[in-house]
Amino acid sequence: MQARRPLQNLLVALVVLIPVTGLAQTATTPEGQRILEHVRILSSDEYAGRAPGTDGIEKAATYLERTFTSTGLKPMGTKGYRYPFTMTTAAALGPKNSVNFDVVVERPGVPLEMTKPTKISWKLGVDYQPYAWTESRSVSGPVVFAGYGLSVKDKNYDDYANIDVKGAVVIVLRGLPKWAEKDDAFTQHGALRAKATLAREKGAVAVCFVNEQGDSSDVLARFGLDRLGAHSGIVAVQVRRTPCARIFPPKETSMFVAEAAINREKKPASFALTRTTATVSTDVVLQESETSNIVGMVEGTDPALKGQYLVIGAHYDHLGMGDENSLAASREPDVHHGADDNASGTSAVLELAARFAKNPARRSVLFMGFSGEEKGLLGSKAWVSTPTVPLSDVVSMINLDMVGRLKDNKVNVQGYGTSSKWPAIVDSAKAYAGLTVSTTADGLGPSDHSSFFSKDIPVLFFFTGLHSDYHRPSDTWDKINADGTAAVVAMAERAARDIANADDRPDFIKPEPSKTQSGSIALKVSLGVIPDYSDDPNGLKITGVRAGSAAEKAGLQGDDVITKIDAMAIKNIYDLMASLGTYKPQDTAKVVVLRGGKEVTLTVTFAGK
Ligand SMILES: [Zn+2]
């Protein structure tokens, strides 16, 4: 399951539903034991956390292939069971990274024009390092200290008020001033990406983020552990406090003094560093790797219906040795076992495949193991955009993600509002499995069913809740409630058979987004677009719009690429949030999108949240 990113607040409703604490593994039934065996293998050290682009996930892919083969499934990928696609899996530092300063320090009796600049360089990996989302290029300009890099109109606070940073290299403190840390109006502006967007929009060519006071560690984060790709449009590096303070000209305001002044007086203290220029060159190489979805089929028995498909899927990738989505306290590489996330769902798919192979339904059933889910649902998105069966013949999708920690017999079912058939089907399935169910109407959520919902396919998503091992190395097989997973499998099987054996295919409904899911808390307006987290060099691609939203009313559509909102360039999801933060309900704005390669300008009237 995808980790919450500031921007993924629009998908958080489920978090509060089912907190689950430590459970000893239970597997008293044969099906529970079969499921636990799959989980134990997939989440073992040998599989090394199944990160795309690594041997660990290759082992898992082979394991799924072998199991599909022995179960007798028909290969339905593009290469046998495999459905390969390419994704960005890592970032590496290229050879051309450097940061150099020229500081002309006044010397008594020496005319300035005769004074040679003092040259200061930062050491890569020691003093500073680029962010993986930086633009890779070389830029030069005057150096300007811009405080915390904030512009919060509602609070009449603007670090950029009395400075001009056009063409400049700006120094910006990470985090927020102490007095603003708990103020919602500031928090949305405190994120690194929001600050980078603002610095770019103010005309800066590079931003150097310096660790803030009190950041006892004052260490550089492990390189590459930040959101890959997603064009930021600016050169961005992280620098430690001491090397950063060194470039502030002696006898002038030091970085520490300015920082203390902002925290004491609650007002900006930005200034240009006199006679100081910098050249910042960044060179980050994004590594693309091939990874595969694994797709197999149990063909339907009814000649009239076997050309229709029910998809049952789960992602089998996870975080490997820990990446930007890890919630582990330590940033040291460590196997993120992902027993619940999502070896449990993958094992459920393997178990269901075996059952349908023994007892096929009238419609055909496609079983899928997705890769790339943790990086933005990339595998399921790849399949729905280039499916191996006609998408119009896919009648529904059942997704299983984190079904290993059932507690109190309670399971959460999402997508409940995406077909009028679901209430009856879910009711009979829960009774059959003896489970208690909480439901969420929306078909959008932080897992692969969203990709199918975005293509107007009714979905059901099974989930047993978050817990304190989520996205940490401690998500291990010995905490899996395998009998609980077996009960979820029983419920999913019943629902699947009802769908695959029914005379009519389920209708599709686009439920209105519930209030809890409309954008981040601090924003006053919502637009209602569904972001596509895969990269687009032109701007922010969307997979669809929410029913009844400002975006729908303005005529935005799935696959549109948003490039501009009024005067602001939109290069990624962070830019969109920064832009939305500047509007009030009923404000209108010109939104420019690329549609089929052509520019289209639409007028949006923002809705209040
Ligand atoms: Zn996950």
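When segment 345-365 is filtered for residues that are open to solvent by 10 Å² or more (accessible area, probe 1.4 Å) and part of a helix (DSSP H, G or I), the ones remaining, listed by number, are A354, R355, A357, K358.
When segment 66-101 is filtered for residues that are crowded, with 16+ Cβ neighbours inside 10 Å and at pLDDT below 95, the ones remaining, listed by number, are M87, T88, T89, A90, A91, L93. Does at least one position in segment 389-402 carry a residue that is within 16 Å of the ligand (Cβ to nearest atom), assigned to a strand (DSSP E or B) and aliphatic (A, V, I, L, M)? Yes, the conditions are met somewhere in segment 389-402.
Scan the strands (runs of 3 or more DSSP E) fully inside segment 239-326 and keep the ones with 1 or more residues being under 30 Å from L366 (Cβ atoms), touching a residue at least 12 places away in the same chain (Cβ under 8 Å) and more than 16 Å from the ligand (Cβ to nearest atom). So that I can check it myself, show each step before the final result.
Details: elements: 271-281, 284-298, 309-315.
Strands (runs of 3 or more DSSP E) meeting the threshold: 284-298, 309-315.
Within segment 562-574, identify whether any single residue is in contact (Cβ under 8 Å) with a residue 60 or more places away in the chain and of a type in the set (D, E, K, R), and answer yes or no. Yes, segment 562-574 contains a residue that is in contact (Cβ under 8 Å) with a residue 60 or more places away in the chain and of a type in the set (D, E, K, R).
Scanning segment 433-444 for residues that are closer than 16 Å to T485 by Cβ and either charged (D, E, K, R) or open to solvent by 40 Å² or more (accessible area, probe 1.4 Å) (or both) turns up G434, T436.
Residue count for segment 453-481, restricted to those that are among the basic types (K, R) and more than 14 Å from the ligand (Cβ to nearest atom): 2.
Criterion first (of a type in the set (S, T, N, Q) and surrounded by fewer than 24 Cβ atoms within 10 Å (Cβ to Cβ)) does T418 satisfy it?
In short, no.
For A191, the conditions (1) of a type in the set (G, A, S); (2) closer than 23 Å to P531 by Cβ; (3) open to solvent by less than 20 Å² (accessible area, probe 1.4 Å) are fulfilled apart from (3). Applying a threshold of 9 Å to beta carbon distances and a minimum spacing of six or more residues, or different chains, the list of pairs starting in segment 186-207 at a residue that is among the hydroxyl-bearing types (S, T, Y) and ending at one that is open to solvent by less than 10 Å² (accessible area, probe 1.4 Å) reads T187/A180; T197/S232; T197/I234; T197/N572; T197/D575; T197/S579.
For N342, are the conditions met, namely being open to solvent by less than 10 Å² (accessible area, probe 1.4 Å), farther than 22 Å from E37 by Cα and under 17 Å from the mean Cα position of the chain (by Cα)?
no
Among the residues of segment 361-370, some residue qualifies, meaning at least one is in the same structural domain as S450 (by TED's automatic domain parsing) and within 16 Å of the ligand (Cβ to nearest atom). Just so you know, in segment 135-153 the residues that are among the aliphatic types (A, V, I, L, M) and not in a loop (DSSP other than H, G, I, E, B) include one that is farthest from A92 (Cα to Cα), and it is V152. Residue-level check: of (1) at pLDDT 90 or above; (2) not in a loop (DSSP other than H, G, I, E, B), Q188 misses just (1).
The rows are residues; the columns are (1) of a type in the set (K, R); (2) part of a loop (DSSP other than H, G, I, E, B); (3) in contact with a helix residue (DSSP H, G or I) (Cβ under 6 Å, 6 or more places away or on another chain); (4) surrounded by fewer than 22 Cβ atoms within 10 Å (Cβ to Cβ).
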position: P537; (1), (2), (3), (4): no, yes, no, yes
position: K553; (1), (2), (3), (4): yes, no, no, yes
position: K571; (1), (2), (3), (4): yes, yes, no, no
position: T582; (1), (2), (3), (4): no, yes, no, yes
position: Q586; (1), (2), (3), (4): no, yes, no, yes
position: E599; (1), (2), (3), (4): no, no, no, yes
position: V604; (1), (2), (3), (4): no, no, yes, no
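The values are calculated or read from the model by the stated rules, or taken from the named source; none is laboratory data. None of the values given here were measured: they were computed from a predicted structure. Quick reminder, even Gly has a Cβ in these numbers, built from the backbone with ideal geometry, and neighbours come from all protein chains shown. Accessible surface is based on the protein model in full, side chains and every heavy atom, while ligands, DNA and RNA are left aside. Shrake-Rupley method; radii C 1.70, N 1.55, O 1.52, S 1.80 Å.
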